[in-house]
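Heads up: the structure comes next, in structure tokens.
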Amino acid sequence: MTDQLFIRAKVKPGFRRSGIYFPYEGVTIETATLSEEALKAIQVEQRLVIAEGNQEPIDDTPPAFLEEITEAIGMLNPEKKPNVKDVEAILKKDISGVQRDKAWQLYQERLEAL
């Protein structure tokens, strides 16, 4: 068994299993942090996709929605990556941490280009 597992939910936005939230986009988990019981529960869960090693999260965000998220970030404190909930409050839509991170990176790149 590898030291890391990349685990993602097959359904959006994701769900919890063994006390861990697994988003649709995926998350890398250190196997040493899982109990044997939790690891077995995760491995038999049909709604999860499991791969060995660290992988990039899946992001299928439409470009127009990414622009909306980036604009919302611009309305918040530009010095600090905002919380997902703060961006959602402006958009009045749900977003994921992966979407926020991608929009934050885009926002930072645009600031540097000025």
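When the residues of segment 84-99 are narrowed to those that are more than 13 Å from the chain's Cα centre (by Cα) and among the β-branched types (Val, Ile, Thr), which ends up surrounded by the fewest Cβ atoms within 10 Å (Cβ to Cβ)?
90
Count, please, the residues in segment 30-49 that happen to be loosely packed, with under 15 Cβ neighbours inside 10 Å and touching a helix residue (DSSP H, G or I) at 6+ places or on another chain (Cβ under 8 Å).
1
Consider residue 77 carefully, then state whether it is outside any helix (DSSP H, G or I), in contact (Cβ under 8 Å) with a residue 40 or more places away in the chain and either among the polar types (S, T, N, Q) or farther than 30 Å from residue 107 by Cβ (or both).
Considered against the rule, which asks whether it is outside any helix (DSSP H, G or I), in contact (Cβ under 8 Å) with a residue 40 or more places away in the chain and either among the polar types (S, T, N, Q) or farther than 30 Å from residue 107 by Cβ (or both), residue 77 comes out as no.
Among what's in segment 3-27 and is among the small types (Gly, Ala, Ser) and over 12 Å from residue 96 (Cβ atoms), pick the residue that is surrounded by the most Cβ atoms within 10 Å (Cβ to Cβ).
Filtering first and then ranking leaves 18.
Considering only segment 49-82, state which residues are of a type in the set (Gly, Ala, Ser) and touching a strand residue (DSSP E or B) at 6+ places or on another chain (Cβ under 9 Å).
If the condition is that a residue be of a type in the set (Gly, Ala, Ser) and touching a strand residue (DSSP E or B) at 6+ places or on another chain (Cβ under 9 Å), then 51, 53 are the ones that fit.
For residue 60, state whether it is touching a residue at least 40 places away in the same chain (Cβ under 8 Å) and not in a helix (DSSP H, G or I).
For residue 60, the condition - touching a residue at least 40 places away in the same chain (Cβ under 8 Å) and not in a helix (DSSP H, G or I) - is not met.
Where the second residue is charged (D, E, K, R) and the first is farther than 15 Å from residue 54 by Cα and lies in segment 27-39, which pairs have Cβ atoms under 9 Å and are six or more apart or on separate chains?
From segment 27-39, the pairs are 38/17.
Return the residues of segment 84-114 that are assigned to a loop (DSSP other than H, G, I, E, B), in contact (Cβ under 8 Å) with a residue 12 or more places away in the chain and out of contact with any Phe, Trp or Tyr (no Cβ under 9 Å at 6 or more places or on another chain); say none if nothing qualifies.
Within segment 84-114, 94 is the sole residue that qualifies.
Hey, can you tell me all the residues within segment 24-54 that are assigned to a helix (DSSP H, G or I) and either hydroxyl-bearing (Ser, Thr, Tyr) or on the phi > 0 side of the Ramachandran plot (or both)?
Within segment 24-54, 31, 33 meet the criteria.
Every read-out reported here was derived from the displayed coordinates using simple, explicitly stated rules and does not represent laboratory data. Remember, it's a predicted structure, so these values are computed and weren't measured experimentally. All Cβ positions, even for glycine, are placed from backbone atoms using ideal geometry, and neighbour counts span all protein chains on display.
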